[in-house]
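Each reported figure results from applying straightforward, stated rules to the coordinates on display, with no laboratory input. Note that this is a predicted model, so its numbers are computed, not measured. Please note: Cβ atoms are built from the backbone with ideal geometry, for glycine as well, and neighbour counts cover all protein chains shown.
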Ligand SMILES: NC(=O)c1ccc[n+]([C@@H]2O[C@H](COP(=O)([O-])OP(=O)(O)OC[C@H]3O[C@@H](n4cnc5c(N)ncnc54)[C@H](O)[C@@H]3O)[C@@H](O)[C@H]2O)c1
Ligand SMILES: [Zn+2]
């Protein structure tokens, strides 16, 4: 019998039931049937489908849910309107009505794409997301943000659409490359810092078990992190109060590093560096104790994440990617800053000198 955890979260009028555990992919058929759909479009990528589509499709078939599979190339470049259209054409071919289901099996690329297709087909049909990366388990699959990219920028076209069910099978993480596991752990560190001392300490205490992929510990990590993200989203689903914006901790500079590196680094690697920069800025503004920097750097290192910038990143190019807040004074960038684990806030009074000093501390002083 699988040892699984199940919890439902309410987001406005939507509800997402989350199932976490080893082998829970076998439950997808039963879950799909419970959502109401007797027919499903399964979206995956060419790396994930050969690994996990078979048990998923078998589970759907056993529950009398007829399904068709669409696979896209792996990678962010697949989050396109043309791939969404590929899915729409299959849905049209299936004569899929509003009682149908879209299932996303893969990392954040697939869950964003499948969620977008579900949210737009006939103005929105149910989706079930089966994340297969840690990034998707604890972040992308939760919270209802779906999107595709345009050549003008990432995630420019999207819709809020919560999955009816998220099935996070820790077994899927057994094939995930080390680098992708580490990248996902950066978001876990972020959640720990947002949530507070107990959660960040839990990640510190469980470093060896996490890195050795102990299934029970990974299940607990996913469950705890989903609770943080879902909790914040349920308080501020549409980013109206500033609460959901705290999830951008480390992402202001993180996104700039990602772009300046030409997207050659993992998102989580850049977020880790961005969090260190945000902590450094917080310390230089007298908000937080300097020891937090070393504490978080040690945790990132234990998770095999970088704590210094790659030498070939151009500092000015990186700064040019910082988003300028139109409502704030010219040249001022908004940052989520931290006082201590559990106490964070948005600030728009960060001076350029503080940003420079933070970048210098990351080992980039040219
Ligand atoms: N909607 C949101 O709130 C949200 C939040 C965070 C990230 N995202 C999005 O998520 C995407 C990044 O997600 P990601 O890091 O999961 O990337 P990804 O989906 O590209 O997956 C990373 C790589 O791992 C492969 N892979 C996936 N699962 C595997 C497995 N179990 N075993 C072996 N290989 C596997 C994939 O084929 C891919 O090559 C970005 O597009 C980002 O915008 C969205
Ligand atoms: Zn992120």
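With just the Cα atoms of the stretch 183-361, tell me how far they stretch along each of the three principal axes, in Å, largest first.
Principal-axis extents of the Cα atoms in the stretch 183-361, largest first: 49, 38, 30 Å.
What does the convex hull of the alpha-carbon atoms of the stretch 72-149 project to on average, in nm²?
That works out to 4.6 nm², a quarter of the Cα hull's surface.
Pairing the Cα long axis of helix 251-260 with the longest principal axis of the chain, what angle in degrees results, from 0 to 90 and rounded to the nearest 10?
90 degrees
Take every DSSP beta bridge whose two residues both sit in the stretch 4-175, then give the antiparallel share in percent to the nearest 5.
Around 35 percent of the beta bridges assigned by DSSP in the stretch 4-175 are antiparallel ones.
What number, in percent, do you get for the relative contact order of the chain if the mean sequence gap of Cα pairs under 8 Å and at least 6 apart is divided by its residue count? Spell out each step's value before the answer.
On the way: 732 pairs, mean separation 51.1, N = 366.
The value is 14 percent.
Taking the chain as the reference, fit the longest principal axis to its C-alpha atoms, fit the long axis of helix 178-195 to the helix C-alpha atoms, and give the angle between the two in degrees, 0 to 90, nearest 10.
70 degrees
Convex hull over the Cα atoms of the chain, averaged projected area in nm²? Present the calculation step by step, with values, prior to reporting the outcome.
On the way: hull surface 68.5 nm².
Its average projected convex-hull area is 17.1 nm².
Measure nothing fancy, just the Cα-based angle from helix 81-93's long axis to the longest principal axis of the chain, in degrees from 0 to 90, nearest 10.
Around 20 degrees separate the two axes.
Could the peptides 244-252, 282-290, 150-158 be put in order, highest first, of the mean number of other beta-carbon atoms found within 10 Å of their residues?
Sorting 244-252, 282-290, 150-158 by mean packing, highest first, produces 244-252, 282-290, 150-158.
Between residue 178 and residue 207, what FRET efficiency comes out of the Förster formula 1/(1 + (r/R0)^6) with R0 = 25 Å and r the beta carbon distance, rounded to 0.05? Don't skip to the answer; put the middle values down first.
Values: r = 14 Å, r/R0 = 0.58.
With a Förster radius of 25 Å, E is 0.95.
Find how much the distance from residue 298 to residue 98 grows on full extension, using 0.36 nm per residue of separation minus their present alpha carbon separation; answer in nm with one decimal.
Gain on stretching residue 298 to residue 98: 67.1 nm.
As a test, work out the antiparallel percent of DSSP beta bridges whose residues both lie in the chain, rounded to the nearest 5.
In the chain, approximately 40 percent of DSSP beta bridges are antiparallel ones.
Rounded if a/c is under 1.5, else prolate if a/b is larger than b/c, else oblate: which is the stretch 4-175, with a ≥ b ≥ c the root eigenvalues of its Cα gyration tensor?
Rounded.
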